[in-house]
Structure formats: C-alpha cells, structure tokens
Amino acid sequence: MNIADRIQSLRKTKGVSQEELAEHTGVSRQAVSKWEGGQSVPEIDKVIVMSDYFNVTTDYLLKGIETKSEEIRKKPDAGVFSIVGTALNFIGLIAAVIIWYEEQQASSVAVGLIIIAVGCMCFAIGQNIGDESTKVKAKKYFCLINVH
C-alpha cells in the first residue's frame, strides 16, 4: 500500500469526503484527488495536518509503518480520576464526621474538608488531562455519586 492508498483508506474509514478533507487540510478537492490517485504527494505540512486529523503517525502516512500500541502515548482514563476523587471525598466526609464527633468544634472539620477538596481537584485534573472518550462518563458518575 502506498501513500495514495493510505490517504484514501483513512479518509473512507473516517467517513469524510474529498471535499471535507480538502477543507481541513487547506487545499482544493482536486489536490486530494491527485494525492489519492498517485498523481502527486502532499507537502510535509499537509501530511502533519492529516496525521493529526486521522490520528495516525506521519510514519504511517509516509511509509506505512504501523506504530506498536505500547509506543502510542495514551491519555489516562478520566474514570480513574473520578473514582479516586470519589474515594477521597468519602474519606474526607468520614474524617469530618469523626473529628466533629470527637472535638465538637467547627474548625476541627477542616481536615475532612481539605481531603474533600483534594478529591474534587483529583476529579478536575482527570477532566483536564484524561482521555476524551472517558470524560463524559466519568463526569456523569462523579456528579451522580458526589453531588446528589
């Protein structure tokens, strides 16, 4: 398979037309048609744009070299941050109740509130750096458990 075949295959797999790919890469539809027909090759900046668009490496587009899955740097699962945040919130709540029971002073609950704040920050970090495909589900469950 050559670069022309790879571009066409990736475009069809993603379900976009030549026109849509052309708009995204900043070229004409005819240029995309020439790339796919093997009549010309895209400039390197267009290869980089397409690699991001199709979520493949430039090595794959240019040479057909598949990257091993362990070499691909994946974003962390946002659900893990949500679970850790929920656990910290639960621990913070229990700590606040125990300390309140022992001390009977509002200031003694600060430890529990700090732990809860750390739990919420953990969730927020997951929402910022986590994998896009897991963010919505993680947010839904975090809010369902921690807010309601």
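Counting the residues of segment 83-113 that are assigned to a helix (DSSP H, G or I) and over 21 Å from Cys143 (Cβ atoms) gives 14. Evaluation of Ile94 against the conditions (1) farther than 30 Å from Gln8 by Cα; (2) surrounded by 13 or more Cβ atoms within 10 Å (Cβ to Cβ); (3) modelled with pLDDT of 85 or more shows that the sole unmet condition is (2). Please go through segment 13-56 and pick out each residue that is aromatic (Phe, Trp, Tyr) and either over 22 Å from the mean Cα position of the chain (by Cα) or outside any helix (DSSP H, G or I) (or both). The one that is aromatic (Phe, Trp, Tyr) and either over 22 Å from the mean Cα position of the chain (by Cα) or outside any helix (DSSP H, G or I) (or both): Trp35. Of everything listed in (1) assigned to a helix (DSSP H, G or I); (2) closer than 30 Å to Thr134 by Cβ, the single unmet condition for Glu66 is (1). Just one of the listed residues (Val84, Val32) is touching a residue at least 24 places away in the same chain (Cβ under 8 Å) and surrounded by fewer than 17 Cβ atoms within 10 Å (Cβ to Cβ), namely Val84.
The values are calculated or read from the model by the stated rules, or taken from the named source; none is laboratory data. The shown structure was predicted, so the numbers you read here are calculated from the model rather than taken from an experiment. Because the Cβ atoms are built from the backbone with ideal geometry, glycine has one as well, and the counts that use them run over all protein chains shown.
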